[in-house]
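Participant: Below you will find the structure I want to go over with you.
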């Protein structure tokens, strides 16, 4: 096991990380070059087909080769720069994204033929099977994390972490596959990024929550917190299964307001905020649970991180989510100006987004400026997440406005 860890560490450091990092940068620049100068340029529907075709292979391959080649030449001249921290930090994320793309590509071979694809009946599309696999893995991971609280010395803790990672890769590749499938329907006329309806963004949210939590687990040995964070994910999974049962999972054409490049930026950034707030809530619940266990002199206290550490993890989660949510709100205002002619209209979704922003802005203010810690802020993260859930779901289900295209139908 130690040999495997050392091997993984070696390929993510030094020269291997540096070369891969610039190879990935070259790949991204190749995609940008294809959009600006290659083929027919960028169009909402045509660009995807260019990207996976001959033009895409040439532009992306050339970019990756040039990036890798230049990095090798640079290392030869300046070997002392090999240990830069940026490549070592970013390469694992690039590797994960590349693996999801590879998995998605493999899955396309299991898709039905064009003659078998129907917009009216999408039940035979392969992404549905992958999403069901993700659901099972998330639920199993949640149960395993709970079991870990009672058997911390057993294998169940590692199994909980591994199945959480497997669920992330299943969910990420399923979203990419839905993107591909949207171009199979109606001759590609409704192709769009898979962040256009509540079902798709739920999958994105599950993955973001779990990724953020697993980073804290790895860095701070906070596995017991997973019993609380992953329960939130599992609850969302059951809600998503219900959404599918009532017909909310189908790929549908975009309404005019969503036919914009802003959707691909604003929506994911928004859910980085939501996901971070969910992890903060999990840390807050773990804090309150540990306090309760301490009053009962329970032996289970030893499984939990310290109260100080849980307090810090809740704060770190909000510190990640608040800037992301702030940026998403600014981007949403810019999108609104383009779509509706005004930056702000006090639409219910906008109003509740402001309430969420004020809730977590106040949390950071009282913590940083006034030194608040402990039980009060733990409850704040829990109540704040309930406000966030209403902004995300309650507004869509019960309130009408300019964002009514997000209503459950």
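Participant: Given a 10 angstrom Cα cut-off, can you work out which residue in 105, 329, 62 is the most mobile in a GNM of the chain?
Facilitator: Highest fluctuation of the listed residues: 62.
Participant: Can you compute the helix-only [θ] at 222 nm over the chain? Use -39500 (n - 2.57) per DSSP H run of at least 4 residues, normalise by all residues, nearest 500 deg cm²/dmol.
Facilitator: Values: 14 runs with 289 residues, N = 409.
Mean residue ellipticity at 222 nm (helix-derived): -24500 deg cm²/dmol.
Participant: Continuing with the same structure: Would you mind ranking 78, 367 so that the residue whose beta carbon has the fewest other beta carbons within 10 Å leads the list? Each step should come with its number before you reach the end.
Facilitator: Details: 78 9, 367 19.
Fewest-to-most Cβ neighbours within 10 Å comes out as 78, 367.
Participant: At a 10 Å Cβ-Cβ cut-off, how would you order 347, 187, fewest neighbours first? Provide the component values of the computation, followed by the final result.
Facilitator: Details: 347 18, 187 11.
By the 10 Å Cβ count, ascending: 187, 347.
Participant: Based only on Cα atoms, what Rg/Rh ratio does the stretch 111-254 have, Rh being taken as Kirkwood's radius? Kindly include the intermediate steps, with their values, before the conclusion.
Facilitator: Working: Rg = 16.7 Å, Rh = 15.9 Å.
Looking at the stretch 111-254, the ratio lands at 1.05.
Participant: How do 197-204, 174-181 rank on mean C-beta neighbours within 10 Å, highest first?
Facilitator: Working: 197-204: 21.9, 174-181: 23.6.
Descending packing order for the listed peptides: 174-181, 197-204.
Participant: Give me the distance between the Cα centres of the stretch 351-378 and the stretch 222-298, rounded to whole Å.
Facilitator: 19
Participant: Highest first, please rank the peptides 371-378, 358-365 by the mean number of other Cβ atoms sitting within 10 Å of their residues.
Facilitator: On the way: 371-378: 14.9, 358-365: 16.5.
For the peptides 371-378, 358-365, the packing ranking is 358-365, 371-378.
Participant: Which FRET efficiency value, to the nearest 0.05, do you get for residue 358 and residue 49 by plugging their Cβ-Cβ distance into 1/(1 + (r/R0)^6) with R0 = 45 Å?
Facilitator: Values: r = 44 Å, r/R0 = 0.98.
In this case the efficiency is close to 0.55.
Participant: Per residue, how big is the convex hull of the stretch 231-277 when only Cα atoms are used? Give it in Å³. Show your work: numbers first, answer last.
Facilitator: Values: hull volume 4.1 nm³, N = 47.
Enclosed volume per residue, from the Cα hull, is 86 Å³.
Participant: I've got another one for you. In percent, what relative contact order does the chain have, based on Cα pairs under 8 Å that are 6 or more apart in sequence? Before the final figure, lay out each step's value.
Facilitator: Numbers: 508 pairs, mean separation 50.3, N = 409.
Answer for the chain is 12 percent.
Participant: Shifting gears a bit: Quick check: pseudo-label points 7 Å beyond the Cα along Cα→Cβ at residue 153 and residue 376, how many nm apart are they?
Facilitator: For the pair residue 153/residue 376, the computed spacing is 4.1 nm.
Participant: How large is log10 of I(q)/I(0) for the stretch 108-157 at q = 0.22 Å⁻¹ when the intensity is taken from the Debye formula with one equal scatterer per alpha-carbon?
Facilitator: -0.78
Participant: Sticking with this structure for a sec: Write down, largest first, the equivalent ellipsoid semi-axes of the stretch 136-199 in whole Å, where each equals the square root of 5 times an eigenvalue of the alpha-carbon gyration tensor.
Facilitator: Computed over the stretch 136-199, the values are 36, 10, 6 Å.
Participant: Grab the alpha carbons of the stretch 261-409, take their convex hull, and tell me the volume per residue in Å³. Working shown, then result.
Facilitator: Details: hull volume 18.1 nm³, N = 149.
Taking the convex hull of the Cα positions in the stretch 261-409, it is 122 Å³ per residue.
Participant: Report the calculated FRET efficiency for residue 36 and residue 250 (r = Cβ-Cβ distance, R0 = 25 Å), to the nearest 0.05. Let's see the in-between values first.
Facilitator: Details: r = 34 Å, r/R0 = 1.36.
It comes to 0.15.
Participant: For the chain, what is the convex hull (Cα atoms) projected area averaged across all directions, in square nanometres?
Facilitator: Working: hull surface 91.2 nm².
Its Cα hull, projected and averaged over all orientations, spans 22.8 nm².
Participant: Something else: For residue 398 and residue 331, FRET efficiency with R0 = 35 Å and r from the beta-carbon atoms, rounded to 0.05?
Facilitator: Details: r = 25 Å, r/R0 = 0.72.
After rounding, the FRET efficiency stands at 0.90.
Participant: Would you mind ranking 74, 213 so that the residue whose beta carbon has the fewest other beta carbons within 10 Å leads the list? Numbers along the way, then the final one.
Facilitator: Working: 74 15, 213 29.
Result, fewest neighbours first: 74, 213.
Every number in this text was worked out from the coordinates using simple rules, so none of it is lab data. The structure presented is a predicted model; accordingly, all values stated were derived computationally and were not measured. Positions of Cβ are generated from backbone atoms using ideal geometry, with glycine treated the same way; all protein chains shown enter the neighbour counts.
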